[in-house]
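The values are calculated or read from the model by the stated rules, or taken from the named source; none is laboratory data. None of the values given here were measured: they were computed from a predicted structure. We place every Cβ from the backbone using ideal geometry, glycine too, and count neighbours over all the protein chains shown.
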Amino acid sequence: MQYQEAHDSLDERWNLLLMRAGILPILVANHTETASALWQTLKPAGVILTGGGEFSLRDNDVRSRTEEQLVELAKQHNKPLLGICRGMQVLQQLNGEKLIKLEGHVDPNQEVLVNGCSIPLNSYHNYGAKQVEMPFKAWAISHDGVIKAIESREAKQIGIMWHPERIEPFSSRNIEFLNRLFVKQEYPCAHLY
């Protein structure tokens, strides 16, 4: 008889990056009851939804259900939430936005217009959006019009489509951005990038 195991994993570089930004990460298993218990016990300063895979509205997708719960907990407790790649897609889909299939957005060095300035960033996604719905506003966009970063006007929610943990050496811009969002609790914060 073959045994089926479910695994949760996170790129080890996240721990290194967050510690450099002055943030002690608390890793959350993809289990809604555990996530709630951790929230109530530890009172986190915020939430980061990391990348990897696609968000699903299927009931049996435990990661997606846990992410939905963390989005709601962060909103209820007025804590900052940063969605990275898949995490930004979570925010978009929970806001009713439709993602489209993209070409040319898997690139370790893609020029992105961030707050009016062209910045080389990485890109590792196959789905995205070319419009943004309220309460979000776009603050970064690719050359072909794909939204690369969003910020909510109502909740402390921000999403970026690049992976700061994959930029080596770690970017001082990303370290400072994470510190100001989660340690100093500065929001809105898109203008800080």
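The table below gives the values:
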| read-out | value |
| --- | --- |
| Test: Arg63 is basic (Lys, Arg) and either within 21 Å of Ser36 (Cα to Cα) or modelled with pLDDT of 95 or more (or both) | yes |
| Among (1) among the polar types (S, T, N, Q); (2) under 16 Å from the mean Cα position of the chain (by Cα); (3) exposed (fewer than 15 other Cβ atoms within 10 Å of the Cβ) - the single one Ser172 does not satisfy | (2) |
| Condition check for Ile150: over 20 Å from Trp14 (Cα atoms), in contact with a strand residue (DSSP E or B) (Cβ under 6 Å, 6 or more places away or on another chain), touching a residue at least 60 places away in the same chain (Cβ under 8 Å) and of a type in the set (Val, Ile, Thr) | yes |
| Residues located in the range 150-172, provided they are among the basic types (Lys, Arg) and part of a loop (DSSP other than H, G, I, E, B) | Arg153, Lys156 |
| Residues of the range 96-119 satisfying the condition of being in contact with an Asp or Glu (Cβ under 6 Å, 6 or more places away or on another chain) and at pLDDT 95 or above | Ser118 |
| Scope the range 120-167; condition at pLDDT 95 or above and acidic (Asp, Glu); matching residues | Asp144, Glu151, Glu165 |
| In the range 40-79, the residues that are over 22 Å from Gly128 (Cα atoms) and in contact with a Gly (Cβ under 6 Å, 6 or more places away or on another chain) | Lys79 |
| Filtered residues of the range 26-51 (kept if assigned to a loop (DSSP other than H, G, I, E, B) and either aliphatic (A, V, I, L, M) or surrounded by 15 or more Cβ atoms within 10 Å (Cβ to Cβ) (or both)) | Ile26, Leu27, Val28, Ala29, Asn30, His31, Pro44, Ala45, Gly46, Thr50, Gly51 |
| Selection status of Gly128, under 16 Å from Cys85 (Cα atoms) and either touching a residue at least 40 places away in the same chain (Cβ under 8 Å) or polar (S, T, N, Q) (or both) | no |
| Pair list, Cβ < 9 Å and 6+ apart or interchain, from the range 39-66 residues that are closer than 17 Å to Tyr124 by Cα to residues that are charged (D, E, K, R) and in a loop (DSSP other than H, G, I, E, B) | Thr50/Asp11; Gly51/Asp11; Gly52/Asp11; Phe55/Asp61 |
